[in-house]
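Bear in mind these aren't lab numbers, they're just calculated from the coordinates by the rules spelled out. Worth saying up front: this structure is predicted, and the values here are computed from it rather than measured. Quick reminder, even Gly has a Cβ in these numbers, built from the backbone with ideal geometry, and neighbours come from all protein chains shown.
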Amino acid sequence: MSGEEILPKMLDAVVVGAGFSGLYMLHRLREQGLSVKVVEAGDDVGGTWYWNRYPGARCDIESMQYSYSFSEELQQEWKWPEVFSCQPEILRYINHVADKFDLRKDIQFGTRVTAAIFDETQSCWEMHTSRGDKLVAKFCIMAIGCFSSPRIPQIKGLDRFNGKYYQTSRWPHENICFTGRRVAVIGTGSSGIQLIPVIAEQADHVFVCQRTPNFSIPAHNGPLQPEYEQWWKSNYAEYRRQALETPFAIKVKHETSTSLVAATPEERQAELEKSWQIGGLEFLIYFHDLLFNKESNDIAAEFVRNKIRETVKKSEVADALIPQTYPLGTKRLCVDSNYFQTFNRDNVTLVDLRNGSIDEITPTGIRIKEKIYEVDDIVFATGFDAMTGPLLEIDIRGRSNKSIRDKWAEGPRTYLGLMIADFPNLFIVAGPGSPSVLTNMTVAIEQHVDWITECLKYLSKNHYHTIEPQVEAENNWVLHVNEIANLTLLPLANSWYVGANIVGKPRVFMPYIGGFNLYAKKCQDIVNNDYEGFTCT
Ligand code: N01
C-alpha cells in the first residue's frame with residue numbers, strides 16, 4: 001500500500017437534497033449529459049414533504065399551481081383530489097415524478113453532507129458525508145430547502161418527561177393516535193394552526209400553548225372540481241406563463257383596484273368580504289398595497305380581528321387569539337381549516353404564554369409558574385432556523401478556506417440568492433436573497449434550476465472552469481434586498497423572515513420582496529449582459 005489517498009471519481013455535479021429542487025435539478029443536468037449525484041438526508045425523496053408528516057399538513061398554494069410545469073405530459077396526467085393538497089398526496093406526486101423520470105438511481109439516501117470544501121488547485125468541490133464518504137465534483141448545488149433545520153426550544157425537564165413528544169417536522173412514519181390522550185401543542189405558526197384542529201378531533205384534551213397569536217385566513221379547501229381542473233389543463237402553459245408575470249408567481253382568481261383607504265366603509269366591507277370568501281394567501285394579494293401601506297393594512301387586519309371575534313364564542317379566548325402587535329402578513333400569513341372554530345370545543349384550552357412562559361416540563365406535564373398542565377403527549381410546532389440554518393449546518397468553505405459561517409456572521413450575503421462571492425461553482429436553489437419563500441415555491445425553484453442549467457451550459461460552451469459573483473455585485477444585491485424590504489411593512493414583525501425566532505441570529509430580512517416577476521427579469525438581464533456581476537475563469 002502506498003498510503004496515498006484514492007480520490008473518488010470527479011463528477012460534474014453533486015446536488016444536495018432530493019426535494020422539489022434537487023429532483024428537478026438532477027433531471028435538468030442529466031438532460032445535459034452531465035454526471036450527477038444527489039445526496040439526500042432522508043430515506044426517500046420529497047424534502048419538506050418527506051419530513052413534515054404531522055396530521056393536517058397541507059400546502060397553502062393550490063395544487064394546480066404548486067406542481068412542476070416542466071413536463072406537459074406530467075401536468076396533464078396527474079390528478080389532484082383536492083384544491084389544496086395534503087402532505088401524503090404531495091408526497092405521492094413527488095414519488096411519481098421520481099419514478100417517471102427514473103431519478104432514484106442517482107440519489108444516495110440516508111446521507112447528510114456535513115462539509116463542502118472548495119479545492120482551489122483543482123477548481124472542484126470536495127464533499128464529506130455523514131457516512132464517511134467523500135465526493136468530488138466541479139459544481140455543488142445546494143437544494144436543501146429553507147425549512148430543513150428544525151428547532152425544539154431548550155426547556156428544562158424534557159428528558160424526564162414520562163409521556164411521548166413529537167416534532168411536526170420530524171413526525172414518525174407510523175400512524176399516531178391521540179384518542180383518549182391529553183396533548184400539549186407548543187407553537188401556533190402555520191404548522192400548529194394546521195395540526196391543532198385535527199388533533200382536537202381525536203384527543204381527550206388539547207392545551208394550545210401560544211406565545212404570539214397569528215393571523216389566519218380560511219383555505220375553503222374542498223374536492224377539486226372537474227371543470228376547474230379542466231379549465232387549468234385546457235390552457236396550462238398559458239396560465240403558468242401568466243403566473244410568471246406576477247410578484248408572487250401565483251395566478252390569482254381575482255384582484256381589485258379598490259384602495260381600502262379611499263373606499264367608503266360599505267365598499268371596504270364588501271371588498272374585504274369578497275377577499276375573505278376567496279380565502280387563503282390570496283387575501284394578501286387581493287388588495288395591492290397591504291404590505292406597503294400601514295393604513296390599508298390596519299383596515300384589513302381589523303377585518304380579520306372581527307372575524308376571529310365572530311367565530312370564537314368566549315370573548316376572553318377570542319381576545320387572546322387576536323394579533324395586535326404586528327401588521328397583517330408580516331409574519332407568514334397562516335391558512336387554516338377550522339382553526340379558530342376549534343377553540344369553541346370543550347376539549348381545547350388556550351394557554352396564553354404571554355402570561356407566563358413554560359418554566360419546566362415535569363415528568364407528567366408542563367409547568368407554568370405554579371400551575372402544572374398534566375399531559376400524556378407534547379407536540380412541538382416550534383419552527384425552523386429558516387433559510388440560512390440548513391446552509392450553516394454544513395461546514396462550507398470557499399477560496400482560502402473561507403467559511404460561510406464567518407462570511408454570514410452578520411447575515412446572509414449572496415448575489416441573486418444564487419451564488420456567493422469567494423465560493424465559486426457553488427449554487428443555492430431558493431437561497432436567502434431570492435424571492436423563494438415569498439412566492440409559489442415550485443415556480444421559484446424551476447426558475448432557479450433553469451438559470452443554473454443555462455449557466456453551466458454557458459460555462460461549458462465558453463470553456464470556463466469557474467463562475468462566482470464579484471464582491472461589488474454581491475454587496476449591491478444585499479443592499480438592494482434590504483432597501484426593498486425596508487419599503488414594506490415586513491421587517492416590522494418578529495418573524496422568521498428576519499431571524500427573530502432564533503436567539504442570537506442577526507436581524508436581517510432574508511428573502512427578496514421585490515417581486516418574482518422583476519427578479520426573474522433581473523436574472524435574465526444579467527445573462528443577456530454576459531453574466532454581468534459574475535467573474536468566469
Ligand atoms: O414555524 P413558525 P412553523 N415557546 O416559526 C412558537 C412554512 N410552512 O413550522 O411566534 C413557545 O411559523 C412560535 O412563537 P413566536 C411556512 O412558510 C408552510 O409553523 O415565535 N412557543 C410560533 O408560534 C411557515 O411560516 C406550511 O412567538 C414557541 C411557533 O412556535 C414556516 O414553514 C405549513 C417557542 C413556530 O411557528 C414555519 O412554520 C407549515 C417557545 N420556546 C409550515 N419557540 C404550508 O404550506 C417557538 N415558538 C401550509
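Data table
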{"item": "Protection-proxy order for peptides 319-329, 119-129, 16-26, each taking the mean of Cβ atoms within 10 Å per residue, highest first", "result": "16-26, 319-329, 119-129"}
{"item": "Charged-residue dipole, Cβ positions (Lys, Arg, Asp, Glu), the chain about Cα centre, Debye nearest 20", "result": "900 debye"}
{"item": "Filtered GluC sites (Glu not before Pro), region 154-243: DSSP coil and at most 16 other beta carbons within 10 Å", "result": "Glu174"}
{"item": "Greater than 18 Å apart at Cα, pairs in Lys233/Lys274; Lys37/Lys407; Lys294/Lys331; Lys251/Lys307; Lys134/Lys461; Lys100/Lys457", "result": "Lys233/Lys274; Lys37/Lys407; Lys251/Lys307; Lys134/Lys461; Lys100/Lys457"}
{"item": "For region 166-241, size of Cβ-based charge dipole, Lys and Arg +1, Asp and Glu -1, in debye", "result": "300 debye"}
{"item": "Cα centroid of region 457-471 to Cα centroid of region 217-238, whole Å", "result": "41 Å"}
{"item": "Proximal lysines to Lys369, defined as alpha-carbon separation beneath 22 angstrom and excluding residues fewer than eight positions away on the same chain", "result": "Lys156"}
{"item": "Interchain or long-range residues, amide H under 5 Å from Ile378's placed H", "result": "Lys164, Tyr165, Tyr166, Ala184"}
{"item": "Ordering of 70-76, 270-276 by packing [mean C-beta count within 10 Å, highest first]", "result": "270-276, 70-76"}
{"item": "Cα centroid separation - region 130-172 against region 434-453, whole Å", "result": "23 Å"}
{"item": "R0 of 51 Å, Cβ-Cβ distance Glu266-Leu74: FRET efficiency to nearest 0.05", "result": "0.65"}
{"item": "Between 0 and 90°, nearest 10: helix 190-202 axis offset from the chain longest Cα axis", "result": "50 degrees"}
{"item": "Sequence-distant lysines (8 or more away, or on other chains) whose Cα lies within less than 19 Å of Lys402", "result": "Lys138"}
{"item": "Values of log10 I(q)/I(0), in the order q = 0.06 Å⁻¹, for the chain under a Debye, Cα-only, solvent-free model", "result": "-0.30"}
{"item": "Helix-only [θ]222 nm of the chain, DSSP H runs n ≥ 4, -39500 (n - 2.57) each, per residue, nearest 500", "result": "-9500 deg cm²/dmol"}
{"item": "Average silhouette area of region 285-330, convex hull of alpha-carbon atoms, in square nanometres", "result": "3.3 nm²"}
